[in-house]
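K.L.:
Before I ask anything, let me first share the structure, which is written out below as structure tokens.
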Amino acid sequence: MKADARTATGSIESCAPRGAADFCLSCMLTSGALLAAVIASFAYLDIDFGSLFSGESAASMAGFVGSFFPPDLDPAFLRKAAYGAVQTFAVAMIGTLLAAAAGLLIALPASGRHGLAASRMSRFILNLLRSVPELVWATLMVLAAGLGPFAGTLALALHTTGVLGRLFAEAIENAPRLPEQSLRDAGCVGVPAFVYGTLPLVWTQCVAYGFYRLEMNIRMATVLGFVGAGGLGQMLYFHLSIFQQAQAATVLIAMFILVLVVDFLSDRLRARMARG
């Protein structure tokens, strides 16, 4: 009995150091590779930290930040900024709604409900749509449809369709099939069986995904303006390009207020849905 205990203890002791040594060796190799990559990155970029943190640079940055104050609070310009904020919100809202509708339609075959070939083709389309960033879509849409909010709406709709379609497809695929199958066995086929059997199970999750993407699209809609897609982003790019920092500060404040309001309303709606 004592011999067995000594044998077991010896086995544990002999295994533990080897595992610890292997783990430490792996950590050391990984840490060394990461450290080498960081050092190589700094060496390749040739960043001059001395100039970055010098007194002259600090004074220059302070002067640049100070040029944004005070913001332009002229009533005429405030009305212009408010119109840009409404335009930005409209671009994000319409783009998200179009993407939600298209994503749900593509998600049905992507979830495997119409065969393997349809599932693979639908997932390929979704992967293609979301693999192209919104800024690239916006650049293409500006060339195709011209400057303005329409190009931004199309860009957001295309990219968000790929994102929401993938999320909707996974939600539908993971939903229990028994309710819908019971309706089909009772004689209900096609769309009604899905609407009454599966959609109620995934509706709350899909709406939450839609609100989350709306919040992201609000922020992205302001960025798309830099390529001519309208809204606050286009205003910001215009005023910065002609060195009107006071007007740019007002646009930045309008962006912040818009994102803050949308985040607040989205949180309230999601909380109400969760309680319901």
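The values are calculated or read from the model by the stated rules, or taken from the named source; none is laboratory data. Everything quoted here is computed from the prediction, not taken from an experiment. Neighbour counts run over all protein chains shown; Cβ positions are idealised from the backbone, glycine included.
K.L.:
Condition check: closer than 24 Å to VAL65 by Cβ, modelled with pLDDT of 85 or more and either assigned to a helix (DSSP H, G or I) or more than 14 Å from the chain's Cα centre (by Cα) (or both). Does GLN234 satisfy that?
P.N.:
Yes, satisfied.
K.L.:
Looking at the stretch 195-215, which of its residues are surrounded by 19 or more Cβ atoms within 10 Å (Cβ to Cβ) and over 21 Å from the mean Cα position of the chain (by Cα)?
P.N.:
Result: GLY197, THR198.
K.L.:
Take the conditions modelled with pLDDT of 85 or more and either outside any helix (DSSP H, G or I) or not assigned by TED's automatic domain parsing to the domain that holds THR153 (or both) and apply them to PHE243. Does it pass?
P.N.:
yes
K.L.:
From the list ALA144, ALA62, exactly one residue is free of Cβ contacts under 8 Å to residues at least 60 places away in the same chain, hydrophobic (A, V, I, L, M, F, W, C), exposed (fewer than 14 other Cβ atoms within 10 Å of the Cβ) and out of contact with any helix residue (DSSP H, G or I) (no Cβ under 9 Å at 6 or more places or on another chain). Which is it?
P.N.:
None of the others qualify; the one that does is ALA62.
K.L.:
Cβ-Cβ under 9 Å, sequence separation 6+ or interchain: first residue in the stretch 85-107 and closer than 14 Å to GLY231 by Cα, partner of a type in the set (Asp, Glu). Which pairs?
P.N.:
ALA92/GLU215
K.L.:
Can I ask one more? Among what's in the stretch 171-194 and is acidic (Asp, Glu) and surrounded by fewer than 16 Cβ atoms within 10 Å (Cβ to Cβ), pick the residue that is farthest from ALA271 (Cα to Cα).
P.N.:
ASP185
K.L.:
Looking at ARG213, ARG184, can you tell me which residue is assigned to a helix (DSSP H, G or I), assigned by TED's automatic domain parsing to the domain that holds ILE94, of a type in the set (D, E, K, R) and touching a residue at least 60 places away in the same chain (Cβ under 8 Å)?
P.N.:
Only one candidate qualifies: ARG213.
K.L.:
For a quick check of your reading of the model, give me the residue pairs whose first member lies in the stretch 157-176 and is assigned by TED's automatic domain parsing to the domain that holds GLN205, whose second is of a type in the set (Phe, Trp, Tyr), with beta-carbon atoms closer than 8 Å and at least 6 apart or on different chains.
P.N.:
Partner pairs satisfying both residue conditions: LEU158/TRP137; HIS159/TRP137; LEU164/TYR209; LEU167/TYR209; PHE168/TYR209; ALA171/TYR209.
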